[in-house]
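What follows is one structure encoded as structure tokens, with my remarks underneath.
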Amino acid sequence: MSTTERPRILIVGGGYVGLYAARRILKKMRYAEATVTVVDPRSYMTYQPFLPETAAGSISPRNVVVPLRRAVPGAEILTGRVTSIDQDRKVAAVSPLVGEAYEVPFDYLVIALGAVSRTFPTPGLAEQGIGMKGVEEAIGLRNHVLEQLDKAESTTDEEIRRKALTFVFVGGGFAGAETIGEVEDLARDAAKFYKNVKREDMRFVLVDAADKVLPEVGPELGTYGRKHLESRGIEVYLKTTMPSCVDGHVVLSNGLEVDANTIVWTAGVKPNPALARFGLPLGPRGHVDTQSTLQVQGSDYIWAAGDNAQVPDLVAIKNGTPAERAWCPPNAQHAMRQAKVLGDNVVSGMRGFPQGDYKHSNKGAVAGLGLHKGVAMIVMGKMKIKLKGRLAWYMHRGYHGLAMPTWNRKVRVIAEWTINMFQKRDITALGALETPREEFYEAAKPAPAPAKAEAKTEEKVEKKVEEKAKAS
Ligand SMILES: Cc1cc2nc3c(=O)[nH]c(=O)nc-3n(C[C@H](O)[C@H](O)[C@H](O)COP(=O)(O)OP(=O)(O)OC[C@H]3O[C@@H](n4cnc5c(N)ncnc54)[C@H](O)[C@@H]3O)c2cc1C
């Protein structure tokens, strides 16, 4: 970390909000007006809406992340985790990748920690569940699913085969519906290359506690989305929960029981629990309580936005929703736009100028459900345009392809899509990537066995000689 005479703007979290806020501040700031420091345990921002496509192999893992040092070259990037904030001394405690924890002083602070998977104390979930919040999980899921097909093809045990070919997804919002849509597509395509695994041998189950899937696109498209998934042989159980999944034995609240090697958990998010150690005012569900200027309640030098913040939705309030119930939903659309207003407000705050309000009306939502399949709702003033199928899927790709941060990544993602149009889907399972040193370790570890064996042989020979001597 550099020592600096200039005021420091410390941004905690380098995701959507962190990246876009840092860029905005650096763009609006005068030369050397302040030092911008971003702290994140990862050195890259993850474009989460592309995780389902990454799990399906349509986008390479490298292209779904944006290196922070390249995307915000004017900022200082510290790879570590902020563990606490001391507001009196204006310092943040940072635990770096290696070595002792240290303190980073700040003059202005941005809280952008995002959210984590919302889980329940379901027996077996921690051991069996796979989340879908990071690129590591997406690539892990892809390898895991393809490995299940390998296992099913190579076993003679019917029970092992059935368990390998059963895939349970819990949560049917954006993340869940898109992930099951993409993964089913991947498995269907991959099965064409197996002799003894057919799509009909696989079982895909989607469970949601609510009475609909894809609530983000409204009831009509949500119903279409459910019917579409069902038409592909996916069993969808609504108003259903998963009370237990010990050792992969999945028990559903509707009485259904299945054995599954794959349990994907996409049942919503909750604000990052680290916030509890920051001493900031929190709302009823653990979000940082902010004003419409994105300033944290009661503070004029701390701002928060994105999935970890409770930001008043001024459009909903204007339309009659009571203020205590109208907060912006946690999605990328809000995170990105809030980050820009936040960046402007930080610069204004530094110069003693007034703060602007965050106000944004929903522009709609797009969701991909596998290659050439999707739903899209586009809001234009009072008009809502609803699209289904291939056209919606083009909208989904068009929107996200352009929204991907940096030209470098936009071009790479679009190039990959173009190449994939003319190539068959890649079905290599690279599960061994998760333990890259295993084989080398086996080769390089000292081999004590022969030495022991030799010693034992010598002992035996000595014994025999002794016995012979005694006998004679
Ligand atoms: C699978 C999936 C699909 C989605 N699809 C869509 C979609 O189609 N449309 C849409 O609008 N939204 C979508 N979203 C939601 C969207 O991605 C989020 O709303 C958005 O990422 C929120 O941005 P953020 O900056 O608040 O959090 P994030 O982007 O999650 O960034 C938080 C950052 O904080 C860092 N961090 C965590 N703890 C610490 C710490 N202690 N110290 C420092 N840094 C820390 C993290 O490493 C991370 O980089 C999707 C989400 C998922 C998971």
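Every number in this text was worked out from the coordinates using simple rules, so none of it is lab data. Since the model is a prediction, treat every value here as computed from it, not as a measurement. With ideal geometry, Cβ positions are generated from the backbone for all residues, glycine too; neighbour counts draw on all protein chains shown.
For the range 198-219, the criterion of being touching a residue at least 60 places away in the same chain (Cβ under 8 Å) and of a type in the set (Phe, Trp, Tyr) is met by none of the residues. Among the residues making up the range 109-149, those that are surrounded by 22 or more Cβ atoms within 10 Å (Cβ to Cβ) and away from the ligand (no atom under 16 Å from the Cβ) are Gln148, Leu149. Quick check: is even one residue across the range 202-214 under 26 Å from Ala126 (Cβ atoms), buried (at least 19 other Cβ atoms within 10 Å of the Cβ), away from the ligand (no atom under 16 Å from the Cβ) and not aliphatic (A, V, I, L, M)? Checked the range 202-214: at least one residue is under 26 Å from Ala126 (Cβ atoms), buried (at least 19 other Cβ atoms within 10 Å of the Cβ), away from the ligand (no atom under 16 Å from the Cβ) and not aliphatic (A, V, I, L, M). Scanning the range 186-229 for residues that are within 28 Å of Asp426 (Cα to Cα) and either β-branched (Val, Ile, Thr) or touching a His at 6+ places or on another chain (Cβ under 9 Å) (or both) yields Val197, Val205.
Elements of the type strands (runs of 3 or more DSSP E) sitting completely within the range 246-328 and holding at least 2 residues that are of a type outside the set (Asp, Glu) and within 24 Å of Met132 (Cβ to Cβ): these cover 249-251, 262-265, 269-271. The number of residues in the range 87-108 being within 15 Å of the ligand (Cβ to nearest atom) and either among the hydrophobic types (A, V, I, L, M, F, W, C) or within 26 Å of His287 (Cβ to Cβ) (or both) comes to 10. Look through the range 387-423, keep the residues that are of a type in the set (D, E, K, R) and either in contact (Cβ under 8 Å) with a residue 24 or more places away in the chain or surrounded by 15 or more Cβ atoms within 10 Å (Cβ to Cβ) (or both), and return whichever of them is nearest to the ligand (Cβ to nearest atom). Step by step, filter the range 387-423, then rank; the result is Arg397. Only one of these is crowded, with 17+ Cβ neighbours inside 10 Å, among the small types (Gly, Ala, Ser) and closer than 20 Å to Gly13 by Cβ: Gly349, Gly364. Name it. The match here is Gly349. Just to be sure, is Leu51 without any contact (Cβ under 8 Å) to a residue 60 or more places away in the chain and either out of contact with any strand residue (DSSP E or B) (no Cβ under 9 Å at 6 or more places or on another chain) or under 30 Å from Gly370 (Cα atoms) (or both)? No, not satisfied. Of the candidates Gly306, Gly298, the single residue that is among the small types (Gly, Ala, Ser), closer than 16 Å to Tyr358 by Cβ and either within 15 Å of the ligand (Cβ to nearest atom) or surrounded by fewer than 15 Cβ atoms within 10 Å (Cβ to Cβ) (or both) is Gly306. Against the numbered list (1) more than 24 Å from the chain's Cα centre (by Cα); (2) within 16 Å of the ligand (Cβ to nearest atom), Leu369 comes up short only at (1).
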